[in-house]
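Data first, discussion second: the structure below is written as structure tokens.
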Amino acid sequence: MFLLIVLMIVGVVVAGDAAMMPPAILEPLGSRAFPFWLGVALTVLSGIRLVRLFRAGREAPITGQTVYVDGPRFGALTGLLITVGMTALYLLAIQFDVVTYALSTAAYLFAVMIFFSNRSIVEIVLVAAGALAIGFLIQFIFTRILFIDISSLQEASHAVA
Amino acid sequence: MPLLDAFVAMFQPMTFFYLVMGVFVGIVAGAIPGVSGAMVIALTLPLTFFMESTNALVLLVSMYVGSTSGGLISATLMRMPGTPAALMTILDGFPMAKKGQPGRALGFGIMASFVGGLVSWFFLATLSPPLSEIAVRFGPFEIFSISLVALMLISAISQGSLVAGLISGALGALVASVGVDDASGLVRLTFGFEDLDAGFGLLPVLLGVLVLSQVAQDFLMINVPAEKLATSARDMFMRGQDVFAQRWNLLRSSLIGTWIGILPGIGSTTAAIASYTTAQSFSRRSEEFGTGCEDGIVAAETANNAAVNGALVPLITLGIPGSVIDVILLGALIVHNLTPGPLLFQNSPEAAYGIIAAALVANFVMFGLMMFLTPYIARLIDIPKRFILPPIIVFCIIGSFSEANRFFDVWVMFGFGALGFLMQRANLPNGPFIIAFILTPIAEVNLRSGLMISDGSFWPLVTHPLSAVFLLLAVATALWPIYQVRRARSAMNLASNQEVATDE
């Protein structure tokens, strides 16, 4: 229901913003017609769905009920949120050029993979080796074979910063 | 003979390499539950930026063919559809495998996939060129109307809820409206953020809504083990009499799959459901369906593969995607500066005929790879998701960045990933979002140019015969689910009344 309420608000804001656009010149419809009516449609449709859900009194649960069987014991949603946090840290590491792309990627892959594992010594060693290999392999493939300059990813982020 | 030339081009070493690679990667991706064909094709799209356009299309089409077939493996051995299209295969594939005949179940599925691909390819090759010649004559009102049909069809079949599909579609359409309006030069819905002036890029939106949202869903189930049956290549080779016994089922399911695939917006999953239920009603062994009946496996697998080629027909003739994967192929055409739609055959025949030729050769390659490698590919399903999902995120980051070399797009992708995840949790399908994101600019541009031609009159929408037919189809599509719900309700009321009467 939360998402539907947000979508209703988005629809109203979009329709309002579109309504304030200048009127059409030299054409019947103009730039504002589509966004305006789409905003109205989004609000109305979200409202209809919200009313239906309210009347039915049911909603898809947002929390996962999964219990990890062969890994660490914590809620599924907690695991997802921690992964999101690790991904955010990885992006910041790229953005602020903390370490090279290959190393930060290897560290990120290692952290996420090992987080969901049994953390036995053998697995830690294998995952560390695999993550390093993948990190450098990705850098090699993109820079040497596909000619995508990954270093520009960091340069671009500096420009944004 | 442009088609013959295209076939010759398929056997150039690099092109053939991409084709085999595409089919193989597609099969593996389709076989691993949680890694769908759409996901892997979206991830591959940025890798094709630097490839020759025909090779890029060959790679993506081959992945499409491979991933649709690969879903069969996990559906049969794990009771988990690797792709949504393999949903109906589970019903008979898994029970047959459980009875100790996994090779036979897979063999029937592979044979059916191959035949479905062959029959539908015939329609793809024969219908597409003449259809494109007719479609060249479409005016802006006709193109607007057919875009509307596609949008309505997508919404109508979205998880059985028209409103949910329409919300998702409206949201996708709004996202497509952000940025500079090419017709007037006005900036729309950016709320002062200059980074949004260019609008949202295709890849950040695709990768976010389709791939990252699914990755997030998969993280919720990351360490849940699934039962998996062992298999071997034994019994996978079908005898002639087995194939002959299925001849009518194969033909009927191929035609159903092709036809449903041709309808814009309806993909392989619906084709498999329709074909399965039809086969059940026609079969002499209808009571055996769901218990390991080969008729069910054949019907489902023939139709879902036939729908792949069927869906390519509106894509290359009208520029209207037949499924979510076709949206990505449409994006690939745009990325490679090819004009999707009727002009593709005129302006870039090598690409149009290349897609057609690749679909057939990929079908043969799929058959060969599946027959000989399925037992080995089945072992890849065992790789824990914790080793698959993190590299996918890394590829998503590079993919979203590589389109415009903007770090902003990476954050945009994560934003859309969160949106896609929340939409799935709220039972809003993400397919209509993506298709509306692609189709809305086409619909808007054509409606506005049509209205300029007609001095602001909407009448040509109904006075132009083809446009009127398309509009009627759109209205019928919108009303059909409402009719179905009412009919189901009245049937339920009738049944409950009868129960009360019996009790009394």
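Answer yes if at least one residue in segment B:319-327 is assigned to a helix (DSSP H, G or I), over 23 Å from the mean Cα position of the chain (by Cα) and not hydrophobic (A, V, I, L, M, F, W, C), and no otherwise.
no
Do the conditions hold for B:ARG406, that is, is it more than 30 Å from B:ASP235 (Cβ to Cβ), touching a residue at least 24 places away in the same chain (Cβ under 8 Å), of a type outside the set (A, V, I, L, M) and not in a helix (DSSP H, G or I)?
yes
Please work out which residue is farthest from the other protein chains (Cβ to nearest Cβ), limiting yourself to segment A:30-42 and to residues that are surrounded by fewer than 20 Cβ atoms within 10 Å (Cβ to Cβ) and in contact with a Gly (Cβ under 8 Å, 6 or more places away or on another chain).
The extreme case among them is A:VAL40.
Is it the case that some residue within segment B:112-134 is in contact with a helix residue (DSSP H, G or I) (Cβ under 6 Å, 6 or more places away or on another chain), β-branched (Val, Ile, Thr) and not in a helix (DSSP H, G or I)?
For segment B:112-134, residues in contact with a helix residue (DSSP H, G or I) (Cβ under 6 Å, 6 or more places away or on another chain), β-branched (Val, Ile, Thr) and not in a helix (DSSP H, G or I): absent.
Going by the conditions given, is B:MET236 at the interface with chain A (Cβ under 9 Å from one of its Cβ atoms) and modelled with pLDDT under 85?
Criteria not met by B:MET236.
Spot the failing condition for B:ARG379; the list is (1) in a helix (DSSP H, G or I); (2) of a type in the set (Lys, Arg); (3) touching a residue at least 60 places away in the same chain (Cβ under 8 Å), and only one is missed.
That leaves (3) as the condition not met.
Any idea which of (1) under 26 Å from B:THR44 (Cβ atoms); (2) assigned to a helix (DSSP H, G or I); (3) not small (Gly, Ala, Ser) is the one B:VAL298 doesn't satisfy?
Here B:VAL298 clears every test but (1).
Would you please name the residue that is nearest to B:LEU171 (Cα to Cα), looking only at residues in segment A:2-23 that are part of a loop (DSSP other than H, G, I, E, B) and within 8 Å of chain B (Cβ to nearest Cβ)?
A:MET21
Which count do you get for residues in segment B:335-348 that are assigned to a helix (DSSP H, G or I) and touching a Leu at 6+ places or on another chain (Cβ under 9 Å)?
3
Matching residues to (1) in contact with a strand residue (DSSP E or B) (Cβ under 7 Å, 6 or more places away or on another chain); (2) within 30 Å of A:TYR101 (Cα to Cα); (3) free of Cβ contacts under 8 Å to residues at least 12 places away in the same chain; (4) in a helix (DSSP H, G or I):
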site	(1), (2), (3), (4)
B:PRO391	no, yes, yes, yes
B:ILE398	no, yes, no, yes
B:MET413	no, yes, no, yes
B:LEU428	no, no, no, no
B:PHE433	no, no, no, yes
B:ALA436	no, no, no, yes
B:ALA443	no, no, no, yes
B:ALA476	no, no, yes, yes
B:GLN498	no, no, yes, yes
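Could you figure out which of (1) touching a helix residue (DSSP H, G or I) at 6+ places or on another chain (Cβ under 7 Å); (2) modelled with pLDDT under 85 isn't true of A:PRO72?
Status for A:PRO72: all satisfied but (1).
Please verify whether segment B:76-93 includes one or more residues that are among the β-branched types (Val, Ile, Thr), closer than 30 Å to B:LEU3 by Cβ and modelled with pLDDT of 90 or more.
No, segment B:76-93 has no match at all.
Say whether the condition of being in a helix (DSSP H, G or I), among the polar types (S, T, N, Q) and over 21 Å from B:PRO391 (Cβ atoms) is met by at least one residue in segment B:32-51.
There is no residue in segment B:32-51 that is in a helix (DSSP H, G or I), among the polar types (S, T, N, Q) and over 21 Å from B:PRO391 (Cβ atoms).
What residue, of A:LEU77, A:LEU132, A:LEU137, A:LEU92, is modelled with pLDDT under 90, over 24 Å from B:ALA418 (Cβ atoms), of a type outside the set (Lys, Arg) and outside any loop (DSSP other than H, G, I, E, B)?
The unique qualifying residue is A:LEU137.
Inside segment A:43-60, can you point out the residues that are within 7 Å of another protein chain (Cβ to nearest Cβ) and surrounded by fewer than 18 Cβ atoms within 10 Å (Cβ to Cβ)?
A:ILE48, A:ALA60
Inspect all residues belonging to segment B:397-407 and state whether any of them is surrounded by 21 or more Cβ atoms within 10 Å (Cβ to Cβ) and either within 23 Å of the chain's Cα centre (by Cα) or away from chain A (no Cβ under 11 Å) (or both).
Yes, the conditions are met somewhere in segment B:397-407.
Scan segment B:242-259 and tell me whether some residue there is among the charged types (D, E, K, R), surrounded by fewer than 22 Cβ atoms within 10 Å (Cβ to Cβ), out of contact with any Phe, Trp or Tyr (no Cβ under 6 Å at 6 or more places or on another chain) and at pLDDT 85 or above.
Scanning segment B:242-259 turns up at least one residue that is among the charged types (D, E, K, R), surrounded by fewer than 22 Cβ atoms within 10 Å (Cβ to Cβ), out of contact with any Phe, Trp or Tyr (no Cβ under 6 Å at 6 or more places or on another chain) and at pLDDT 85 or above.
When B:VAL394 is evaluated against the numbered criteria (1) more than 30 Å from A:ILE94 (Cβ to Cβ); (2) within 8 Å of chain A (Cβ to nearest Cβ), which criterion, by number, is the only one it fails?
(1)
Give the residue, chosen from B:ALA173, B:ALA183, B:ALA150, that is crowded, with 24+ Cβ neighbours inside 10 Å and modelled with pLDDT under 85.
On the way: B:ALA173 fails: modelled with pLDDT under 85; B:ALA183 fails: crowded, with 24+ Cβ neighbours inside 10 Å.
That would be B:ALA150, the only listed residue that is crowded, with 24+ Cβ neighbours inside 10 Å and modelled with pLDDT under 85.
Give just the number: which of (1) more than 11 Å from chain B (Cβ to nearest Cβ); (2) in contact with a Phe, Trp or Tyr (Cβ under 7 Å, 6 or more places away or on another chain); (3) modelled with pLDDT under 80 does A:ILE148 not satisfy?
(1)
So that you can scan it fast, the table gives a plain yes or no per residue for (1) over 30 Å from B:ALA306 (Cβ atoms); (2) at the interface with chain A (Cβ under 9 Å from one of its Cβ atoms); (3) under 22 Å from the mean Cα position of the chain (by Cα):
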residue: B:ASP382; (1), (2), (3): yes, no, no
residue: B:VAL410; (1), (2), (3): yes, yes, no
residue: B:LEU428; (1), (2), (3): no, yes, yes
residue: B:GLY450; (1), (2), (3): yes, no, no
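Out of all the residues in segment B:176-203, which are part of a helix (DSSP H, G or I), within 10 Å of another protein chain (Cβ to nearest Cβ) and out of contact with any strand residue (DSSP E or B) (no Cβ under 9 Å at 6 or more places or on another chain)?
Selection gives B:ALA176, B:ASP195.
The values are calculated or read from the model by the stated rules, or taken from the named source; none is laboratory data. Remember, it's a predicted structure, so these values are computed and weren't measured experimentally. Positions of Cβ are backbone-derived with ideal geometry, glycine not excepted, and every protein chain shown enters the neighbour counts.
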